[in-house]
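> To start, I am sharing the structure in question, which I have written as structure tokens.
The values are calculated or read from the model by the stated rules, or taken from the named source; none is laboratory data. Model, not experiment: these values are computed from the prediction. Using ideal geometry, Cβ is built from the backbone for each residue, glycine included, and neighbour counts are taken over all protein chains shown.
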Amino acid sequence: MADLSVNIGNLGLKNPVMTASGTFGYGLEFADFVDLNRLGGIIVKGTTLEPRQGNAYPRMAETAHGMLNCVGLQNKGVDYFCEHIYPEVRKMDTAILVNVSGNSPESYAECARRIAALDDIPAIELNISCPNVKQGGMAFGVTCEGAASVVRAVRAVYPKTLIVKLSPNVTSIADIARAVEAEGADAVSLINTLMGMAIDAEKRCPVLSIGTGGLSGPAVKPVALRMVWQVYDAVKIPIVGLGGIMNATDAVEFMLAGATAVEIGTANFIDPSVTMKVIDGIEDYLQRHNFASVRDLVGAAH
Amino acid sequence: MLPGQFVEVRVDGSSETFLRRPISINMLDRSTNELWLLVHTVGAGTRALAQLKEGAVVNVVLPLGNGFTLPENNLQNDNSDGGRYLLVGGGVGTAPLLYLGKELAARGSRPVFLLGGRSAGDLLQLDDFRQYGDVYLTTEDGSAGERGFVTQHSLWQQSGGYARICTCGPKPMMVAVARLAREKEISCEASLENLMACGLGACLCCVEDTTEGHVCVCKDGPVFNIDKLKW
């Protein structure tokens, strides 16, 4: 049987399949459908220093081969996570990562510092790319200086594996990736959602409460794949690829483009057990093509 | 499976349809191993579902959500004015009330159904409803039952209360029913149908703004006591 394990910086994963933040809750919501311990990792819901109510309803619109959302980082805050969620999720035998968001470099850093104290959280994913919040979020992720400022502040207080989630809503994602690499990021994950909108022709108004939202699902996959390809050529740190992965073939394509690991997001809504099928499918692919390790796929299409 | 819970149906064969469709459980019969879904054709997804042929296999996640509150004690023969449930439905929102009526009847309580539609053709499954309780109707055009909305039915003028009101239908109708329930000081539960994606409480898309903040209709609902809603 082929070796499925991969490393993201110092973080070892039993296989390259993780779940994307905001699409899998804290994992426990999917316990009826998935053997959570089989996952490479779970990236839990975006967490901020203070609790956030998120945006008003409606927060979702179905689109061709995808969906828009403008949830706006609804969460109960980092302290609630540490006290109430962490004791539950730490029991799982998979890597639990926390997606960290903020509205200033200081708030990102303070949130990361509190999570650093949790022994069984080996890594964070720094979200500098949420398109659905007024302050912070994507504002930091669309300039090299903004991205660097957040990574610098967090790197100073966070010694474990630091993954930075990049926004596709930029002219050159490779430049942003280089900027965060220079500040000491251990890895980058890409892409967050593409900013879009939906309009109700009958009511003549936007569908989403804040007008715009983030597009996800198979509609964005070609864009995501291209960006992983470009970032692979631009940086030396590992890449976590995501964006519209619906099956094992999609996941393999991201790895061939340069991703060391992948995240499954919106597909969890269509098939809550999709992650298991992706792991099985990758294993099957490796066997069919006589690969000894899944690591042999990384960047192999270049 | 509880009345008021719902399923998420995957829609195959429609390229326009990406997400599953949340549909309430219309009827469950364990003796025949049947589960009914009442599908109102409104868009591409429900159109594709409506075109399924007998014998087709559908991919369904179930049961989801919480369900209506059933009486704690068996209400055998307690069909006094104060002991009955009033089930108020509008349009396709009548669907979960049929299964709820069946479960109430099984507990010895004959519910009162008050069902409304635009016209007689919108009022479905009336023979099924009559098996389990007393049925009162309204239509906006007067083609069946009393003319008007469910909240204008003469039933509301009668003295005597109900143990609980359960309602499902268009939001304006449920808001009006909730107002009447408050006036009459009757406990009331409403089943919401906010737009959903995951159905499992993970994506936080279907939230309702409640007295406890934004909560997921799919997991914390779809049935809410109106005291929790900001209506």
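> If you take the residues in the stretch A:98-119 that are hydrophobic (A, V, I, L, M, F, W, C) and closer than 22 Å to A:ALA148 by Cβ, which one is surrounded by the most Cβ atoms within 10 Å (Cβ to Cβ)? Even if it seems obvious, please write down each step before you answer.
Within the stretch A:98-119, the first condition is being hydrophobic (A, V, I, L, M, F, W, C), and the residues that meet it are A:98, A:100, A:109, A:111-112, A:115-118.
In the following step, the residues that additionally are closer than 22 Å to A:ALA148 by Cβ were identified as A:98, A:100, A:109, A:111-112, A:115-116.
Values: A:VAL98: 28, A:VAL100: 30, A:ALA109: 21, A:CYS111: 27, A:ALA112: 26, A:ILE115: 21, A:ALA116: 16.
Selected residue: A:VAL100.
> If you go through the stretch A:78-96 one residue at a time, do you hit one that is without any contact (Cβ under 8 Å) to a residue 60 or more places away in the chain and facing another protein chain (nearest Cβ under 9 Å)?
no
> Tell me which residues, restricted to the stretch A:62-73, are closer than 16 Å to B:GLU208 by Cα and more than 7 Å from chain B (Cβ to nearest Cβ).
Let us first name the residues in the stretch A:62-73 that are closer than 16 Å to B:GLU208 by Cα, namely A:69-73.
Result: A:CYS70, A:GLY72, A:LEU73.
> Within the stretch A:32-45, can one find any residue that is more than 10 Å from chain B (Cβ to nearest Cβ), within 14 Å of the chain's Cα centre (by Cα), aliphatic (A, V, I, L, M) and closer than 21 Å to A:VAL252 by Cα?
Within the stretch A:32-45, one or more residues are more than 10 Å from chain B (Cβ to nearest Cβ), within 14 Å of the chain's Cα centre (by Cα), aliphatic (A, V, I, L, M) and closer than 21 Å to A:VAL252 by Cα.
> Also, I was wondering about something else. Pairs needed: first member in the stretch A:251-276, touching a residue at least 40 places away in the same chain (Cβ under 8 Å) and farther than 14 Å from B:LEU200 by Cα; second member anywhere, part of a helix (DSSP H, G or I) and hydroxyl-bearing (Ser, Thr, Tyr); C-beta distance under 7 Å; at least 6 residues apart or different chains.
Close Cβ pairs (under 7 Å, with a partner that is part of a helix (DSSP H, G or I) and hydroxyl-bearing (Ser, Thr, Tyr)) amount to A:VAL252/A:TYR285; A:ALA257/A:TYR232; A:GLY258/A:TYR232; A:ILE264/A:THR275.
> When you scan the stretch B:134-191, how many residues do you find that are within 19 Å of B:ASP122 (Cα to Cα) and not hydroxyl-bearing (Ser, Thr, Tyr)?
The initial filter retains those residues of the stretch B:134-191 that are within 19 Å of B:ASP122 (Cα to Cα), namely B:134-153, B:167-174.
Narrowing the set further to residues that are not hydroxyl-bearing (Ser, Thr, Tyr) leaves B:134-135, B:137, B:140-142, B:144-150, B:152-153, B:168-174.
Total satisfying the criteria: 22.
> Turning to a different aspect of this structure: Hey, among the residues in the stretch A:190-201 that are of a type in the set (Gly, Ala, Ser) and crowded, with 17+ Cβ neighbours inside 10 Å, which one's farthest from A:THR260 (Cα to Cα)?
It comes out as A:ALA198.
> Restricting to the stretch B:135-171, count the residues that are of a type outside the set (A, V, I, L, M) and closer than 21 Å to B:GLY67 by Cα. Give the steps one after another, and end with the answer.
Restricting attention to the stretch B:135-171, the residues satisfying the condition of being of a type outside the set (A, V, I, L, M) are B:136, B:138-143, B:145-149, B:151-154, B:156-162, B:164, B:166-171.
Filter once more, keeping what is closer than 21 Å to B:GLY67 by Cα: B:162, B:164, B:166-171.
Result for the stretch B:135-171: 8.
> With the condition being at pLDDT 95 or above and within 14 Å of chain A (Cβ to nearest Cβ), I'd like the strands (runs of 3 or more DSSP E) fully within the stretch B:150-231 carrying at least 3 qualifying residues.
Working: elements: B:164-168, B:188-191, B:207-210, B:213-216, B:223-225.
In the stretch B:150-231, B:207-210, B:213-216 are the strands (runs of 3 or more DSSP E) which contain 3 or more residues that are at pLDDT 95 or above and within 14 Å of chain A (Cβ to nearest Cβ).
> Collect the residues in the stretch B:88-118 that are touching an Asp or Glu at 6+ places or on another chain (Cβ under 8 Å) and β-branched (Val, Ile, Thr), keeping them in residue-number order.
B:VAL112
> May I pose another question? What helices (runs of 4 or more DSSP H) completely inside the stretch A:188-302 contain at least 3 residues that are at pLDDT 95 or above and within 25 Å of A:MET138 (Cβ to Cβ)?
On the way: elements: A:221-234, A:248-257, A:267-270, A:274-288.
The qualifying helices (runs of 4 or more DSSP H) are A:221-234, A:248-257, A:267-270.
> Can you work out which of the residues in the stretch A:46-60 that are surrounded by 20 or more Cβ atoms within 10 Å (Cβ to Cβ) and more than 8 Å from chain B (Cβ to nearest Cβ) is farthest from A:GLY22 (Cα to Cα)?
Within the stretch A:46-60, the match that is farthest from A:GLY22 (Cα to Cα) is A:LEU49.
> Look through A:ARG204, A:ARG152 and report the one residue that is surrounded by fewer than 24 Cβ atoms within 10 Å (Cβ to Cβ) and touching a residue at least 24 places away in the same chain (Cβ under 8 Å). Can you show your working first?
On the way: A:ARG204 fails: touching a residue at least 24 places away in the same chain (Cβ under 8 Å).
It is A:ARG152.
> Then there is this: Just checking, how many residues over the stretch A:1-30 are surrounded by fewer than 20 Cβ atoms within 10 Å (Cβ to Cβ), more than 10 Å from chain B (Cβ to nearest Cβ) and either assigned to a strand (DSSP E or B) or hydrophobic (A, V, I, L, M, F, W, C) (or both)?
6
> Related question: Return the residues of the stretch B:13-43 that are buried (at least 20 other Cβ atoms within 10 Å of the Cβ), hydrophobic (A, V, I, L, M, F, W, C) and assigned to a loop (DSSP other than H, G, I, E, B); say none if nothing qualifies.
Once the filter is applied, which keeps residues that are buried (at least 20 other Cβ atoms within 10 Å of the Cβ), hydrophobic (A, V, I, L, M, F, W, C) and assigned to a loop (DSSP other than H, G, I, E, B), the stretch B:13-43 yields B:PHE18, B:LEU19.
> While we're looking at this one, here's another question. So, restricting to strands (runs of 3 or more DSSP E) that lie completely within the stretch B:44-145, which ones have at least 1 residues that are in the same structural domain as B:ILE23 (by TED's automatic domain parsing), surrounded by fewer than 21 Cβ atoms within 10 Å (Cβ to Cβ) and at pLDDT 95 or above?
Per the criteria, B:60-64.
> What is the residue count in the stretch B:1-22 for residues that are aliphatic (A, V, I, L, M) and farther than 22 Å from A:LEU68 by Cβ?
From the stretch B:1-22, those aliphatic (A, V, I, L, M) are B:1-2, B:7, B:9, B:11, B:19; that's our starting set.
Right, trim to farther than 22 Å from A:LEU68 by Cβ and you get B:1-2, B:7.
Here the count works out to 3.
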